[in-house]
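Q: After the structure tokens below, expect a handful of questions from me.
The values are calculated or read from the model by the stated rules, or taken from the named source; none is laboratory data. Owing to the predicted nature of the structure, the values given are computational and were not obtained by experimental measurement. Positions of Cβ are backbone-derived with ideal geometry, glycine not excepted, and every protein chain shown enters the neighbour counts.
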Amino acid sequence: DAYRQYEDLNQLYGKKNPNLYHSRLMRYFIRTDQLRQVLHYKEEFEPKEKSLSGDDWTELSGYLLEKLYGELSPSDEYLRNQIEDVRELLQRSVITAPENPNAWYNLGKYYITTNEDARVQTSLETAITKFNDAPHLKTRELYKFIDSYRLLGENFTKTQNYLQAQEKYTDGITLFTKEKENAGFEGNTQ
């Protein structure tokens, strides 16, 4: 139903503001995990920095980061080679949405994946600060908030800063326990 609605809106009003309706279609394809379609929209939007909002750049770059380094279905594996410029997209999302904690979290995960240990700490600490400052977090953001503590703890462990690692692990466990008691929050594999 959402797809049909976006298509109808695009046909009715798309000529006045094509970026708006195309960005909503792109978000639909991200959330329904249709990589081929997302890559099509990425090619459309990437050349123009102001073609998407900061939140859309954040969602696109985070999705492509997960697809580039994560698991893909066998039918989509051939698309991995077409995922390019993830670093630039992640940096664009931080520039266009500096208050969005997801942008910093995604950038931190990228630095972990590319073994840029010196940059991991800054990105994840900024993400944690932004998550703390957010007035309301959705469930998927709460998972990222807790995971930020885990990733930062692992980075401290990797660099042999064990006391700082213990502190971050404890902060993450405390947050998880609080959310579990208050709202019945359930854990995931991370």
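Q: State whether the residues of the stretch 132-148 include one that is surrounded by 22 or more Cβ atoms within 10 Å (Cβ to Cβ) and among the aromatic types (Phe, Trp, Tyr).
A: Within the stretch 132-148 (the criterion being surrounded by 22 or more Cβ atoms within 10 Å (Cβ to Cβ) and among the aromatic types (Phe, Trp, Tyr)), the answer is yes, since at least one residue qualifies.
Q: Taking the stretch 1-38, which residues are at pLDDT 90 or above, hydroxyl-bearing (Ser, Thr, Tyr) and either surrounded by fewer than 16 Cβ atoms within 10 Å (Cβ to Cβ) or farther than 27 Å from ARG80 by Cβ (or both)?
A: If the condition is that a residue be at pLDDT 90 or above, hydroxyl-bearing (Ser, Thr, Tyr) and either surrounded by fewer than 16 Cβ atoms within 10 Å (Cβ to Cβ) or farther than 27 Å from ARG80 by Cβ (or both), then THR32 is the only one that fits.
Q: Within the set of pairs 6 or more residues apart or between chains, which connect a residue that is closer than 16 Å to ARG140 by Cα inside the stretch 161-190 to a residue that is modelled with pLDDT under 90 and of a type in the set (A, V, I, L, M, F, W, C) with Cβ atoms less than 6 Å apart?
A: Every condition considered, the pairs that remain are GLU179/PHE185.
Q: I've got another one for you. Considering only residues of the stretch 39-53 that are assigned to a loop (DSSP other than H, G, I, E, B) and out of contact with any Phe, Trp or Tyr (no Cβ under 8 Å at 6 or more places or on another chain), which is surrounded by the fewest Cβ atoms within 10 Å (Cβ to Cβ)?
A: Of the residues in the stretch 39-53, the ones assigned to a loop (DSSP other than H, G, I, E, B) are 46-48, 52-53.
Adding the requirement that they be out of contact with any Phe, Trp or Tyr (no Cβ under 8 Å at 6 or more places or on another chain) leaves 46-48, 53.
Values: GLU46: 17, PRO47: 7, LYS48: 9, SER53: 15.
For the stretch 39-53, the residue satisfying everything is PRO47.
Q: Scan the stretch 43-54 and give yes if some residue there is of a type in the set (Ser, Thr, Tyr) and touching a residue at least 40 places away in the same chain (Cβ under 8 Å), otherwise no. Quick ask: steps written out before the conclusion?
A: Taking the stretch 43-54 and keeping what is of a type in the set (Ser, Thr, Tyr), we get 51, 53.
After this cut, where a residue has to be touching a residue at least 40 places away in the same chain (Cβ under 8 Å) as well, the list is 53.
Yes, the stretch 43-54 contains a residue that is of a type in the set (Ser, Thr, Tyr) and touching a residue at least 40 places away in the same chain (Cβ under 8 Å).
Q: If you go through the stretch 75-120, how many residues are outside any helix (DSSP H, G or I), among the charged types (D, E, K, R) and without any contact (Cβ under 8 Å) to a residue 24 or more places away in the chain? Quick ask: steps written out before the conclusion?
A: Taking the stretch 75-120 and keeping what is outside any helix (DSSP H, G or I), we get 75-76, 83-85, 97-100, 114-116.
In the following step, the residues that additionally are among the charged types (D, E, K, R) were identified as 76, 84-85, 99, 116.
Imposing the further condition that a residue be without any contact (Cβ under 8 Å) to a residue 24 or more places away in the chain reduces the set to 84, 116.
Qualifying residue count for the region: 2.
Q: Farther than 30 Å from LYS48 by Cα, in contact with a helix residue (DSSP H, G or I) (Cβ under 6 Å, 6 or more places away or on another chain) and of a type in the set (A, V, I, L, M, F, W, C): does that describe PHE156?
A: For PHE156, the condition - farther than 30 Å from LYS48 by Cα, in contact with a helix residue (DSSP H, G or I) (Cβ under 6 Å, 6 or more places away or on another chain) and of a type in the set (A, V, I, L, M, F, W, C) - is met.
Q: For residues that are over 24 Å from the mean Cα position of the chain (by Cα) and part of a helix (DSSP H, G or I), tally how many sit in the stretch 154-182. Steps first, answer last, please.
A: Here is the first cut: in the stretch 154-182, the residues over 24 Å from the mean Cα position of the chain (by Cα) are 159-164, 166-167, 181-182.
Among the residues that remain, those that are also part of a helix (DSSP H, G or I) are: 162-164, 166-167, 181-182.
Result for the stretch 154-182: 7.
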